[in-house]
1. Return one quarter of the surface area of the convex hull spanned by the alpha-carbon atoms of chain B, equal to its mean projected area, in nm².
2. Which whole-Hz ³J(HN,Hα) couplings does the stretch A:63-69 yield from phi under the Karplus relation 6.51 cos²θ - 1.76 cosθ + 1.60, θ = phi - 60°, glycine and proline marked x?
3. If you average the C-alpha positions of the stretch B:83-132 and of the stretch B:555-597 separately, how far apart do those two centres end up, in angstrom?
4. Can you give the calculated 222 nm mean residue ellipticity of chain B, where each DSSP H run of n ≥ 4 adds -39,500 (n - 2.57) and the sum is split over every residue, rounded to the nearest 500 deg cm²/dmol?
5. May I ask which residue of A:Asn175, A:Leu268, A:Phe186 lies farthest towards the positive end of the charge dipole of the protein assembly as shown, with charges of +1 (Lys, Arg) and -1 (Asp, Glu) on Cβ and the Cα centre as origin?
6. Please rank B:His465, B:His585, fewest neighbouring Cβ atoms within 10 Å first, as an exposure proxy.
7. Would you order A:Val210, B:Val155 from fewest to most other beta-carbon atoms within 10 Å of each residue's own beta-carbon?
8. Taking only DSSP H segments of four or more residues, each worth -39500 (n - 2.57), what value at 222 nm results for chain A once the sum is divided by all its residues, to the nearest 500 deg cm²/dmol?
Amino acid sequence: MTRITLPRRALGAAALATLARPAFAQATPIRIGELNSYSRMAAFAVPYRNAMQLAQDAVNAAGGVMGGRPMELVFRDDGSTPGDAVRVAEELLTRENVAFLAGTFLSNVGLAVADFANQRKRLFLATEPLTDAITMAQGNRYTFRVRPGTYMQTKMLIEAIRGKTAKRWAIVAPNYEYGQSAAANFKRMLGDAIPGAEIVAEQFPALGRVDAGATVGALAQSRPDGIFNVLFGPDLTAFVREGNTRGLFERRTVVSLLTGEPEYLIPLGDETPEGWIVTGYAPDQIDAPPAHKAFIEAYKARFNDTPRLGSLLGYVTVQIIANLLNKANTLETEALVNALAGLATDTIVGGVSMRALDHQGTLGTWVGETTLSRGKGTMKNARYADGANYMFSETEVRAARPPA
Amino acid sequence: MEWSFLLVQALSGLASASSLFVIASGLTIVFGVTRIVNFAHGSFYMLGAYLAVTIVPWLLEFDRSPTLFFVGVLASALVVGLLGVAMEMLLLRRIYRVPELFQLLATFGVVLIVQDLVQLAWGPMDIPGPRAPGLRHGVTILDQRFPAYELFLIVVGPAVLALLWLLMHRTRFGVLIRAATQDREMVGALGVNQAMLFTGTLFLGAALAGLGGALQIPRISANAHMDLSVITEAFVVTVIGGMGSVPGAFIAALLIGLLQAFGVLIFPKITLVLVFLLMAAVLVVKPWGLLGRPEAAAGRAVLPEGILDPGRMDWAGKVLAVVALAVMLALPLIDAYAVKVGTEVLIFALAAVSLNFLVGNGGIVSFGHAAYFGLGAYGAGLLVVKAGLPMEPALIAAPIAGGLAAALFGFFVVRLSGIYLAMLTMAFAQIAYAVVFQWVEVTGGDNGLVGVWPSHWAASREVYHYLTAVLTLAAIVFLRRVIHAPFGATLRAARDSAQRADAIGIDVRMHRWLGFTLAGAAAGLAGGLYAFSKGSIDPTLLGIPMSVDFLSMILLGGIQSVLGPVAGAAAFHSLKDFFLPLTDHWRLLLGLSIIAMVLVFPRGLAGAFASLRRRPA
């Protein structure tokens, strides 16, 4: 019987920790723990991390934070399961001595880390998880979220189809929380945008295993005027190809969550459907603000690739963190939390503030139409939808969020 | 509903069935001959798709002809076949003499390695393949449009079936495959070169998987999650059809394809669980699948793979146990994080020992042990979150929840044996997973539930560590005691020869059922402790990856030993914890170390320790 605890790799970290004495305070980096699914969700997470490093270098080159201290992100894979993520979070806090946590991709992972942060009374800045629960029913004092959640993005699309004539709608969404709650939000808000509209079909294929032929057949059979799609990734490619061949999208309004993001649009290639109303990001069409343009150029120059939506999110997150550290000017958790609530940051997409009421960021996203240009998918008529206009109403937040 | 729609929906189902059959036929042939549960089959499928999206566009540069498209598809399949040969010659051939289950662990290592290698070679983005020239369009059938390529796919399945039939009945290689599927030992005794036969079989199996993947490129993009999305369904098809039976796999694929196509019309959310419901139903009625037969060797006395003689602990074992215990208790002296990892190792050690109580002692190979672990966690977590009870009663409820679930599922499971039993446990685990996943109002769905924290007195990491240590060690000692007791010996008797055990008056099913329930309860306790150490519960606790982790732990530790799984749990969890922060490619490193350990310690850590002890000084 052996129980081995392998000697830790953390010799370097230990050395750094030893240096963390007041005498060296000027040069001591401020460490922030960033955990994400770098291995399993690499298509999102690697461009995200690239941009974070870019932003971190920019901040440090401009003199660092909190009066000249460099900031240092400590990146860790979260293993893509809540169990692994909570252990990694613990490691970041206890071994790496990070000031607070940021990151996560999957909603269940984000929620588990959020509750862990609440239990340990440490700040957690969730970046990518889209579930509404993280700021609503399961929100807590120590957790903030940067990206617009499922509700906000669905609402942006609902606004985009306000007044359209399509009455009969079909929904297709992956069978898990994100898909189900997007579908539920859409159903709830549809009648308001298009009076008299009804849902005539719903399909919930298992995530990553869509049986595209059967799903497209079932949707077409209900003869909808409009389709609301929540599929993404490999499921989306299969669905679009099948739908194109079978003519599912012809003469129909199609509304689709996230499809305009380069992560999901690039794999559609020359099969990109024309005129879907989507949320997303088209870096080649961004002209303003100038800082955003500069970010795109800098990213291209350093990584020889166009930024993804993940990259934008990573950059904005680091800007918010730098601003937070400067404003709070301490690493004490309660002070950080108080400083972050309501904190307004001037980012590359303009002002982003963290609403104090529900800890939701006002970062927005772009709403536009898909189009095919030189054999590649992109967006046209894209406009930036500021998240501040699409948040849950204060009454809804008060009803859903547990009292602080 | 109009007839034209039903017809087209049926055609959609046939196209999926056909694709599924091509993949599953390879899996069933490999299993039939080598008895290897080849997890890497899904990886071959993924490699087929990635190779095809590389080779086919390159060929189409010369000429956009259908011929070149299919040349590219076949070339991809052949390359994947060669990779299968490489896996057989470099890895599997070295471990044919160790317990069969061990090969499963090796193929699992291959899965992890391929996942990362694919990402290194092709990058993380999904890669769309070209459509097949000449088959891009839709064909109008009655008033519905249907993809021409899918009509072609419908033909591929029966064509592959016919070719396989010819191969099996008209060539010497095929005859040998059939013979080995029926009785491998006899084939060996008759002087057939088994190494060649196995290499050939792996080539055929991998090439079929590669073909299945390559044929999908006009429909889906090559992506890094393809392997796991297809492997469970392929297993289900082979099991429903009867392991080793190619026609059986064909019928099973048809059943699943059609059920899926029409099932989504009535229950749109059923896709998650449909295939597993079907598998459970088939196995309960037909224990060897539709066209499978009981193994010829089933009645033969074979050397059992498991605990032979639990024996007494010798002085070296005692020293090791005491040292390990001391290290466990001294962890708080190192740092807070070491305590955290130590707590988890203890919990996994209990789960692993409970699994080996079934596998090593009872010969009941469970591929779904995480179900009881997870249901224990849910039993405890729901009491805390929904009923507002404190930790103490919730921890009592955890083993009860795990035990009850094991009693319910075990009632059906213990009627089966071998690989079918294993697959039924997996089916039940997936059904439990689907219930937890879908019953959002109670379980919180896939987001899970948070707020499962220990009572105030046990809130600190150190106190919770000692609490876990007391409970898990008590449970492990108890299970060890049971293995030494007459009950444990009875389970071993039933494992080694059910008929003989029956003949001396042992109620084999009743004993195995009780054993199954006890193991489920122990896993449930581990699950409850795990929930409180994490503060949250979610469906991944019941998932297949968790079950595979447990299997890896007992195989690494050694299934012939009572306490080996404890070492396995410590080694596996420490490895994962060591590699996870190092690099994005932790799966590659984890996979490589699993394979290294399989090759270096072919009887597990405990087996290595035992042979070290036996060597004359």
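1. Working: hull surface 119.6 nm².
Averaged projected hull area, Cα only: 29.9 nm².
2. x, x, 10, 6, x, x, 8
3. 18
4. Numbers: 25 runs with 438 residues, N = 617.
Computed ellipticity for chain B at 222 nm equals -24000 deg cm²/dmol.
5. Highest projection toward the positive end goes to A:Asn175.
6. Ranked by crowding around the Cβ, least crowded first: B:His585, B:His465.
7. Values: A:Val210 28, B:Val155 12.
Ordered from fewest to most neighbouring Cβ atoms within 10 Å, A:Val210, B:Val155 come out as B:Val155, A:Val210.
8. Helices in chain A give a 222 nm mean residue ellipticity of -12500 deg cm²/dmol.
Quick note: the coordinates plus some simple rules give every number you see, no bench work behind them. This structure is a prediction, so every number in the text was calculated from the model and none was measured. Neighbour counts are summed over all protein chains in view; Cβ atoms, including those assigned to glycine, are modelled from backbone coordinates with ideal geometry.
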